[in-house]
1. Working out 0.36 nm times the residue gap between Ser226 and Arg109, then minus their Cα-Cα distance, what length gain in nm do you get to one decimal?
2. Quick one: Kirkwood hydrodynamic radius for segment 195-277, alpha-carbon pairs, angstrom, one decimal?
3. Tell me, in nm to one decimal, what length is gained between Glu137 and Thr182 on full extension, where the rule is 0.36 nm per residue of separation less the Cα-Cα distance?
4. Only counting other Cβ atoms within 10 Å, I'd like Arg260, Arg212 sorted with the fewest neighbours first.
5. Please give the net charge around Ile85, taking every other residue with its beta carbon less than 13 angstrom from that of Ile85, where Lys and Arg add +1 and Asp and Glu add -1.
6. Above 24 angstrom, tally the Cα pairs of segment 57-202 and express them as a % of all pairs, no decimals.
7. Ranking request for peptides 203-210, 38-45: highest mean number of other beta-carbon atoms within 10 Å first, then the rest in descending order.
8. Gln52 versus Glu166, label points 7 Å from Cα toward the beta carbon: distance in nm?
Amino acid sequence: AKAEGRSTFRFFTAQMQQRSAARLKLEAELRRALDKRELQLYYQPQCNMQGQLVGVEALLRWMHPELGVVAPVEFIPLAEESGLIVPIGMWVLQEAIEQMRDWRERGIRVPAVAVNLSALQFRQPLLVEQISRLLHEAALPAECLELELTESVVLEDPDDALGLMERLHNLGVRLAIDDFGTGYSSLNYLRRFPVDRLKIDRSFVQDLEQGRGIAIVRAIVSLAHSLGFVTIAEGVETPAQLAQLRRLRCDEVQGFLFARPMALLPFEAWLQRHHMV
Ligand code: C2E
Ligand code: CA
Ligand code: CA
Ligand code: CA
C-alpha cells in the first residue's frame, strides 16, 4: 500500500508538472503573441428591435500558429493571472478605437464599439487618461466607445469603481453591465452607478422557453427601464427568443440568430449584405 501511495503521488506530481509546463509554455507564447500580431478582434453586431445596427462588441481571438483560433476562455484566465491582460487589454482598446476611426473615414457607420474590461485593467491608475488620449488621437466622440464591466469587476471595490465610472462617464464613454444577473448583489449599486446599458446574460435568454425565465427577464427589463437604462439581451439564438424579448420590451439584441462574432473582412461583408451601413 505504501508503494502504491508513493507511485500515485509520483503520478500526480508528474501530471502536475506537465500541466504547469504546458501552462508556462502557453503563457510565454501569449507574452509574445502581441508582438507577433497573433491577436485579432472579432466583431459581433448589436441590433435594435427594428433591425438597425446600434453597435458591435469587440471580442478577442488568438491566432495561434499551431493551435489555430484560440477562444478567450482558453487564454483570458491565463492573461488575468499573469497580468498580461493589462497590455493585451490596452491593445484591444487601441485596436477597437483605431478600427472605429477607419470605419468613419470610409463612411461605414458603425455607431459604437463595445470593449470588455477585466478587473485588473479597470484598476490601472492611468486607465481614464489613456482612454481619453486614444479617443482624442482618433478624433472620435467618446460616445463611440462602450466599456463592458461585469458585476464582479464593479463590486470588487464599489467605492473605487464608482469614482472611476463617474470619470469615464464624464468623458462621455458609455458603460454597460455585462452578464447582468449572474453576479452577487445587483440592486444597491445600480442606483448609484452611472450605467447606460444592462446586458441580460445569455442564461436568462436560454430560459425564456419557461414561465420563470420570462418572469425574470420581464423584471430585469422593467427594473432597467425604470432606472433609465437600455437593455440588451445577449446570446439570442432562436426566433422564439427574439419574439419573446420583443414582447417583454427588451430594447436590443445580440446573438448567433443575427451573426456570430466575425473577423474584420467577413464583418464588413456582413454589413454590406444586410445594408447596415
Ligand atoms: P462575454 O463578454 O459575455 O461575450 C459574449 C460571448 O458570447 C462571446 O464569446 C460570444 O462569442 C458569445 N456569444 C455571442 N452570441 C452568442 C449566442 O447566440 N450563443 C452563444 N452560445 N454564444 C454567443 P467569446 O468571444 O468566446 O468570449 C468569451 C468571453 O471572453 C467574453 O464573454 C468575455 O468575458 C471574454 N472576452 C472576450 N474578449 C475579451 C477582451 O478583449 N477582453 C477581456 N477582458 N475579456 C474578453
Ligand atoms: Ca461582453
Ligand atoms: Ca456577456
Ligand atoms: Ca460572459
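1. Details: separation 117, 0.36 × 117 = 42.12 nm, distance 3.01 nm.
Extra length from Ser226 to Arg109 when fully extended: 39.1 nm.
2. Computed over segment 195-277, the radius equals 13.5 Å.
3. 12.6 nm
4. Details: Arg260 13, Arg212 10.
The order, fewest Cβ neighbours first, is Arg212, Arg260.
5. Every neighbour counted, the sum reads -1.
6. Details: 3445 of 10585 pairs.
More than 24 Å apart: 33 percent of the Cα pairs in segment 57-202.
7. Packing order, densest peptide first, comes out as 38-45, 203-210.
8. 3.3
Throughout, read-outs are computed from the coordinates displayed, never taken from laboratory work. All figures in this text were calculated on a predicted structure; none of them were measured in a lab. All Cβ positions, even for glycine, are placed from backbone atoms using ideal geometry, and neighbour counts span all protein chains on display.
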